[in-house]
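The values are calculated or read from the model by the stated rules, or taken from the named source; none is laboratory data. This structure is a prediction, so every number in the text was calculated from the model and none was measured. When we count neighbours, we look across all protein chains shown, and the Cβ atoms used for this are built from the backbone with ideal geometry, even at glycine.
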Amino acid sequence: MVIVRPATLSGRDPISAAPVRRKATNRSAMSPLNGSEKAHHTAGGFRNVPETRQNTFFDLLRWQWQRRHRRPADPGSDHFPLATNDPAALAANRSRTTVTWIGHATVLVQMDGLNILTDPHFSERASPVQWAGPQRVVRPGLSLHELPPIDVVLISHDHYDSLDTGTIRALHQRGENDPRFYVPLGLKRWFRKQGVRNVTELDWWDSDDGQTLEVTCLPVTHWSKRLPWERNRTLWSAWSVRSADFRFIFVGDSAYPARFLEIGRRLGPFDLAAIPIGAYEPRWFMNHHMTPEEAVAAHVDLQARRSVAIHWGTFMLSDEPLSEPALRLARACEAAGLKADEFTVFRHGQTLYLR
């Protein structure tokens, strides 16, 4: 397979520069950013660099009309059996580095004695309400009650399959720990409304050294909208988490090309990457998601030593069969000459001990 490289971007940050280390900003994405030289900032929010076409309400209606006749049947959870797991061992672990795919974009990473959770989603539906909207096909590989105490939570953007109100409130109310939530610009206000105060809000390329890890907010190509009138008022991002001897990147949700080559050069190589592979059909509408072949290209661009597939096999969000992304990924990895364990598809709840 020919690896398609992203186009050169005219970003404001030189590749040789180090991430800017700063704490959360109080600057609101809802207000004009007077004098800002950052290309991804607008008067009312944010945009991709370079800008991408945003789907309209009429595009949504067109897609919904088409999928009435094309939507694949729900395969049922029997096609995705959960992996056998040991929650007690994960809860007791403070020395080994592990990764567990819980489902969709929710990953538990244990590194440097800390428990890190990405885009936590444990509700039945990826929706503003729990009586309608995309429903789980597979239950979480670990339940909320089986999670070890969480130290860090990474949020990529505000879409309902990544930012779930019920899950955020439940994590905040567990009581055994006070996790620090890392969010892109504009989302701190939402968390404050949920009663969550331990929130660090960062812009692209900003870093925080609040714990033993360095956490960096990184650019991806996507969009945000939680309410019909709030398109792109909050930022979207990937996240890098680095310690003295381990580097992890959570891509979150992104189209390809994005600034993965730049990220790999500045912060890589990464020991572990969580890269989305699903929700890509129809391409004309799901144009802000990666195909499995593009996910392989992102893996190469990021200089990832090992990647795990996310954002697939959990919710019926698009028109490809739920099992198709994993099959296409396997073929793409073979065509690219990747080793068998270099880009891994997990079962829900599967844990891999990395070191």
Task: Subset of the range 97-137 that is modelled with pLDDT under 95 and among the β-branched types (Val, Ile, Thr) - its residue that is farthest from Pro228 (Cα to Cα) - done: Val137
TODO: Look at the range 116-145 and say how many of its residues are closer than 15 Å to His172 by Cα and not in a loop (DSSP other than H, G, I, E, B).
DONE: 5
TODO: Scan the range 236-258 for residues that are outside any strand (DSSP E or B) and not aromatic (Phe, Trp, Tyr) and report the count.
DONE: 11
- [ ] Tell me, please, whether a residue that is at pLDDT below 75 and closer than 26 Å to Pro325 by Cβ can be found in the range 78-88.
- [x] yes
TODO: Report whether or not Gly195 is part of a loop (DSSP other than H, G, I, E, B) and either among the acidic types (Asp, Glu) or more than 23 Å from Pro50 (Cα to Cα) (or both).
DONE: yes
TODO: Sort out which residues of the range 217-251 are aromatic (Phe, Trp, Tyr) and surrounded by fewer than 24 Cβ atoms within 10 Å (Cβ to Cβ), and write them in order of number.
DONE: Trp223, Trp229, Phe246
- [ ] Tell me, yes or no, whether the range 333-342 has at least one residue that is hydrophobic (A, V, I, L, M, F, W, C), touching a residue at least 24 places away in the same chain (Cβ under 8 Å) and under 23 Å from Pro134 (Cα atoms).
- [x] no
- [ ] Name the single residue, out of those in the range 300-312 being part of a loop (DSSP other than H, G, I, E, B) and in contact with a Gly (Cβ under 7 Å, 6 or more places away or on another chain), that is surrounded by the most Cβ atoms within 10 Å (Cβ to Cβ).
- [x] His311
Open item on the list: Name the single residue that is nearest to Phe248 (Cα to Cα) among those in the range 199-232 being outside any loop (DSSP other than H, G, I, E, B) and among the polar types (S, T, N, Q).
Closed with: Thr216
Task: Count of the range 313-355 residues which are polar (S, T, N, Q) and farther than 20 Å from Met290 by Cα - done: 2
Task: Matching option when the condition is surrounded by fewer than 19 Cβ atoms within 10 Å (Cβ to Cβ), among the charged types (D, E, K, R) and under 19 Å from Pro219 (Cα atoms), among Arg347, Arg265 - done: Arg265
TODO: Would you please name the residue that is nearest to Ala279 (Cα to Cα), looking only at residues in the range 112-131 that are surrounded by fewer than 19 Cβ atoms within 10 Å (Cβ to Cβ) and acidic (Asp, Glu)?
DONE: Glu124
- [ ] From the list Ala326, Ala295, pick out the single residue that is of a type outside the set (D, E, K, R), touching a strand residue (DSSP E or B) at 6+ places or on another chain (Cβ under 8 Å) and surrounded by 21 or more Cβ atoms within 10 Å (Cβ to Cβ).
- [x] Ala295
Open item on the list: Among the residues of the range 102-111, are any outside any strand (DSSP E or B), buried (at least 23 other Cβ atoms within 10 Å of the Cβ) and not basic (Lys, Arg)?
Closed with: yes
- [ ] May I ask you to verify whether Leu163 is of a type in the set (A, V, I, L, M) and over 21 Å from Thr106 (Cβ atoms)?
- [x] no
TODO: Can you give me the number of residues within the range 126-154 that are over 22 Å from Ala88 (Cα atoms) and without any contact (Cβ under 8 Å) to a residue 24 or more places away in the chain?
DONE: 3
